[in-house]
Amino acid sequence: MDNSKIIFHVDVNSAFLSWSAVKLLKDDPDAIDLRTIPSAVGGDVESRHGIITAKSIPAKKYGIVTGEPVVKAMQKCPNLVMVHSDFKTYREYSGKFIRILKTYSPIIEQVSIDEAFIDMTDQISQMYNSAGEIDADTEESYKQFALIIAGRIKDEIRDTLGFTVNVGISCNKLLAKMASDFEKPDKIHTLFPDEVQTKMWPLPIGDLYGCGKQTSARLSELGMKTIGDVAKTDQGLLKDLLGIKQGEYIYRSCNGYGSSHINPYEEDAKSYSNETTTRSDINFSNYEKEMPGILKWLSESVSRRLQRDGVFASTVSVSIKTDSFQRRSKQVGLGDSTNDQEVILKTSLRLMDELVLGENGIFAQGFSIRLVGVGASDLDKGEYRQMSLFDLARQGSTNTTTDADRAEKQRKLRQMTKDIEKRFGEGVIHKGRK
């Protein structure tokens, strides 16, 4: 662990709820700010099915928690205002959020739609070197400069975009992440190694980043209820209880050890992928409600980048990370390479069903999902593709095609569709599920 690093973790406060509130106020300045009343995002607003994916601070005072069923939340607060999910708006404000962060440092690792790590080491060092003669020692000066820059980031996002963030500051990603989860909203917190015992050890073990519900429950049952309790436990015992990899991770994390490496996103020339950490764990009860929207957004992102670069993929994959941090994935080869969002989405929906449902699926094994990814690989420039019915229809919309040509191609497409349905039955040709 490199204690000389200065790492920020910037996390949007109640992102989905906040972004919905900002859009509503932008469309109607006289509207009620959703953040000031008991409100939440998630599930089906009309039927009150699904789960809570984001909540306001007033809603939290009623005991409403992220991940609980909407019907249960409505029982706690009958006047709770429910808001539809709006991934278009989320993408818009996420992009603006990241663009502001990039003005402070080029070394950014976006870990989900509403949070990112920033390596601020060089920027802090420059401030220190340009400050001239100072009284405090180097380490304390670095911390003070870090607080100054964190304040600038926090205030700029609030004043220009209209929503708030928390900033956690430390020398590694684990502690920065833990710090940003302290008191909210619109706050800055530090958690350096010399603060671990006073700030982190008293917290429940379930608050440790990366410690899932099953692990925290097992440790608590054995009398290790706080992070400090586990930190003082023999590492060998933890490995025996949790397995070598998980036991080592829990021990090191409880003692404040973590990676300081920030991994900026770089396009992989051999594949395209996108993934996101879910706002709450996805399990069997909320899978049908939450997963399609996430896969749709990810498929759109992958398709857009494929089309931007003029390439096609002949393999589509989906991946997940479970609540115990295990990675699982599934892929399939396509008969014809594609960069079409509908094809990628339809394929990813099928793959995800195969991966998580059924007797041998993730849910049957007792796991839930905390991260979802969609990928496209085995790329080509279109030289091996065969023309499909829908390619033919799209080709008719190019500028070099006359109205007569376009009409003729549409007529041929309709006739081909009728011939296929006559042979194989009506409804055999349809658009992919959205």
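The values are calculated or read from the model by the stated rules, or taken from the named source; none is laboratory data. Keep in mind it's a predicted model, so treat the numbers as computed, not measured. Note that we place each Cβ from the backbone using ideal geometry, even for glycine, and neighbour counts take in every protein chain shown. Areas reflect the complete protein model, heavy atoms only, side chains present, ligands, DNA and RNA absent. Shrake-Rupley method; radii C 1.70, N 1.55, O 1.52, S 1.80 Å.
In region 64-113, what residues are open to solvent by 60 Å² or more (accessible area, probe 1.4 Å), more than 19 Å from the chain's Cα centre (by Cα) and closer than 22 Å to GLY162 by Cα?
THR103
All but one of (1) modelled with pLDDT under 85; (2) open to solvent by less than 20 Å² (accessible area, probe 1.4 Å) hold for ASP309; state the number of the condition that does not hold.
Looking at each condition in turn, ASP309 falls short on (2).
Would a scan of region 264-282 turn up a residue that is farther than 28 Å from GLU359 by Cβ and touching a helix residue (DSSP H, G or I) at 6+ places or on another chain (Cβ under 6 Å)?
yes
Does SER273 qualify as being touching a strand residue (DSSP E or B) at 6+ places or on another chain (Cβ under 6 Å) and on the phi < 0 side of the Ramachandran plot?
Values: touching a strand residue (DSSP E or B) at 6+ places or on another chain (Cβ under 6 Å): yes; on the phi < 0 side of the Ramachandran plot: yes.
It is true that SER273 is touching a strand residue (DSSP E or B) at 6+ places or on another chain (Cβ under 6 Å) and on the phi < 0 side of the Ramachandran plot.
May I ask you to list the residues in region 203-241 that are open to solvent by 80 Å² or more (accessible area, probe 1.4 Å) and farther than 14 Å from ARG252 by Cα?
Listed by number, the residues that qualify are ASP207, LYS213, GLN214, ARG218, GLU221, LEU222, LYS225, ASP240.
Looking at SER285, SER253, SER280, SER317, can you tell me which residue is touching a residue at least 40 places away in the same chain (Cβ under 8 Å), over 24 Å from ARG91 (Cα atoms) and in contact with a strand residue (DSSP E or B) (Cβ under 9 Å, 6 or more places away or on another chain)?
Values: SER253 fails: in contact with a strand residue (DSSP E or B) (Cβ under 9 Å, 6 or more places away or on another chain); SER280 fails: over 24 Å from ARG91 (Cα atoms); SER317 fails: over 24 Å from ARG91 (Cα atoms).
None of the others qualify; the one that does is SER285.
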